[in-house]
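Coordinate-derived values only; no laboratory data. Predicted model, so just to flag it, every value in this text is computed and none were measured. Cβ sites come from the backbone with ideal geometry, for glycine too, and all protein chains shown count toward neighbours.
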Amino acid sequence: MASSPTPQRMSLVPALEILRDIREDRVVITTMSAARHWPQISHHALDLNYVPSSMGQGTSLAQGIAMASPQQEVIVLNGDGSLLMNLGSLVTICANQVSNITVIVIDNGIYEVTGGQQTAGAMANVDYAAMARAAGFVTVATFEQLTAWQGAATEVLSSPGPRFLLWRVHPRYEDFHLNVPGPIGPRLDRLREALTSC
Amino acid sequence: MIDGAAITTLLKSLKVSHVVWVPDSALGPWEQSFAEAPEITLVRVCREGEAWALAAGLHLGVKHPVVMMQTTGLFESGDALRNVLFDLGIPLFAIIGYRSFLLPDSPDTARRFAEPVLQAWQIPYHVVHDPEELPMLAEHYQYCLENDSPGVTLIAEGRM
């Protein structure tokens, strides 16, 4: 089991609430821990709760949506464990010159939904922001403090893309199970309809 | 060997909008034809699992992608394929290089497991052995489109 949460990291739900308040008409795709909370605080036609997912593929799904509609901004929230499973997706986004995408990585250092095992990234003290920068992301920012995220959120989401935001958050060890919120088909239909009407 | 011009003409006739791929030595020579076709956007991914999810995103955006990879990529990308085709129910079509198919005595395990894996996934597939059989690809694609079914065309290949 990983060590106790570091006190200086921000909590996930308040960070999500800030995002909710400024997201405007951006698609928001949530996976893993973000998918647990986002549907409770946001009910937007351009939301996609990507559960069940293939772990790590949220970034690639988001890229496809972004490429299909270059005028549509797309935000995807992934965990650090998920990102590690699909690191190449950072390169794929930049290689295909996708600028209308924001990848937010929720870095809690653990595989939260399986009970809190430490990720290899945490063990290696990986610098995910540096990886994104090296892959070619134009806007890269790291947030540990909620006030810093709140102060920068609107500007950073409007900065040139592709954008990579690293949120360092408290890990959660209790009530960690991620329930599947019913079949994803209707949620896909809703998103598809919202995309075609934009 | 199927040349790039033939496959590009075919895909254009099927109104395919995107090719999402990791090429192999048989599919790779198609690259220039794809790049020169304004109707088709070529999307290169780093690992084959990305191709399924990325193509799913394109499909949600009402585009018409085709996934391309070698059988080895099919094996690697299994969980992404499972999620996209069977959890999300997005009926993607894939053209997959059938490594070593043309070498019947080959010990290549990529040859041995290709069709059993597709059968296990219950994905309708067929094999195109030569350019004269390309119309079968079009028929299969249309069949899958009309029936909201995923589908695969295996392209017979020699070595890697």
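Counting every Cα pair in the protein assembly as shown, what percent are over 30 Å apart? Display every interim value, and only then the final one.
Values: 23996 of 63903 pairs.
Taking all Cα-Cα pairs of the protein assembly as shown, the fraction more than 30 Å apart is 38 percent.
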- [ ] For the stretch B:1-114, divide the Cα radius of gyration by the Kirkwood radius and give the resulting Rg/Rh value with two decimals.
- [x] 0.97
Task: Share of alpha-carbon pairs per 5 Å distance bin for the stretch B:81-141, given as whole % - done: 4, 15, 22, 23, 19, 11, 4, 1
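What is the calculated FRET efficiency for A:ASP21 to B:PHE113, with r their C-beta to C-beta distance and R₀ = 51 Å, to the nearest 0.05? Mind showing how you got there, number by number?
On the way: r = 50 Å, r/R0 = 0.99.
Efficiency at R0 = 51 Å is approximately 0.50.
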Task: the stretch A:1-160 - Rg (one decimal) and Dmax (whole number), Cα, Å - done: 14.8, 44
Open item on the list: Within 10 Å of each Cβ in B:84-91, how many Cβ atoms from other chains are there, averaged over the peptide?
Closed with: 4
Task: Exposure proxy order (Cβ contacts within 10 Å, fewest to most) of A:ASP127, B:ASP148, B:ASP24 - done: B:ASP148, A:ASP127, B:ASP24
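Among A:SER53, A:SER42, which comes first, second and so on when ranked by fewest other beta-carbon atoms within 10 Å? If you can, show how the numbers build up before the last one.
Working: A:SER53 25, A:SER42 18.
Least crowded to most crowded, the residues run A:SER42, A:SER53.
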Task: Rg in Å to one decimal, and Dmax rounded to a whole Å, for the stretch A:69-198 via C-alpha atoms - done: 15.9, 45
TODO: Provide a whole-number value for the mean count of partner chain Cβ atoms within 10 Å of the Cβ atoms in peptide B:7-17.
DONE: 0
